[in-house]
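A.B. asks: Questions regarding the structure given below will be posed in turn.
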Amino acid sequence: MWVSDHITTARLVLRPFSWVDADALFDYASNPDYARFQSGPDDFNRAASDKFLAELMLRERDVRPVWAITVEDHVVGIVTLNFESGHRIAVLGYGLHRDLWGQGLAGEAVRAVLDEAFAEYAMLHRVRAQTDLRNVRSSGLLAKLGFTHEGTLRAEVGRGGELVNGAIYGLLREEWTGPRAGPG
């Protein structure tokens with residue numbers, strides 16, 4: 001049993017990545033505004049992008065599912081879950097093409113994945129996420145979805161070895177607003 005590999009929302013289709021997504025992944029992930037708050041090398045080049053894509057495609061769906069966020073069959077972002085402790089805890093990750101920020105698409109994608117995860121795994125009790133404290137858009141999205149800011153990790157190693165403060169957010173099952181409870 002695991003979360004669906006294809007999830008459809010009003011505006012999006014979330015699906016597994018494939019090799020045909022290489023150009024689109026590189027396009028959004030190499031954008032400096034997008035990359036600023038992501039972990040990874042400073043020189044995110046095509047080879048690094050292709051390696052990342054291969055790693056995404058090889059993930060074990062039962063413990064580390066990943067979805068390509070697509071709009072009209074064009075990949076524009078990513079949502080990931082990493083399950084821990086027998087699927088009782090999940091770590092959430094997400095990102096969206098810079099050109100689409102502010103349209104509610106990331107929230108729509110994350111909400112759909114959380115709906116699926118909470119519906120599919122009765123034992124899932126907690127979802128957590130971490131973001132660079134300076135990433136106010138990401139913090140705002142998590143708050144809008146019902147996550148609670150639980151603390152700050154000071155002087156974490158960020159992109160390119162930069163020391164940054166990380167904000168930790170948590171969401172408990174009983175705090176989730178339920179399936180398709182509204183726009184993200």
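A.B. asks: If I filter region 112-134 for residues that are in a strand (DSSP E or B), under 27 Å from Tyr28 (Cβ atoms) and in contact with a Pro (Cβ under 6 Å, 6 or more places away or on another chain), do I get at least one hit?
C.D. replies: No - not one qualifying residue is present in region 112-134.
A.B. asks: If a residue has to be touching a Gly at 6+ places or on another chain (Cβ under 7 Å) and polar (S, T, N, Q) to count, how many in region 48-100 make the cut?
C.D. replies: Residues meeting the conditions: 1.
A.B. asks: Related question: Could you list, in sequence order, the residues of region 46-105 that are β-branched (Val, Ile, Thr) and touching a helix residue (DSSP H, G or I) at 6+ places or on another chain (Cβ under 6 Å)?
C.D. replies: Val66, Ile69, Val75, Val76, Val79
A.B. asks: Same structure, new question: Among the candidates Arg159, Arg180, Arg154, which residue alone is surrounded by 16 or more Cβ atoms within 10 Å (Cβ to Cβ), more than 14 Å from the chain's Cα centre (by Cα), basic (Lys, Arg) and modelled with pLDDT under 95?
C.D. replies: Arg159 is the lone residue from the list that is surrounded by 16 or more Cβ atoms within 10 Å (Cβ to Cβ), more than 14 Å from the chain's Cα centre (by Cα), basic (Lys, Arg) and modelled with pLDDT under 95.
The values are calculated or read from the model by the stated rules, or taken from the named source; none is laboratory data. All values reported here derive from a predicted model rather than from experimental measurement. Virtual Cβ from ideal backbone geometry, glycine too; neighbours counted across all protein chains shown.
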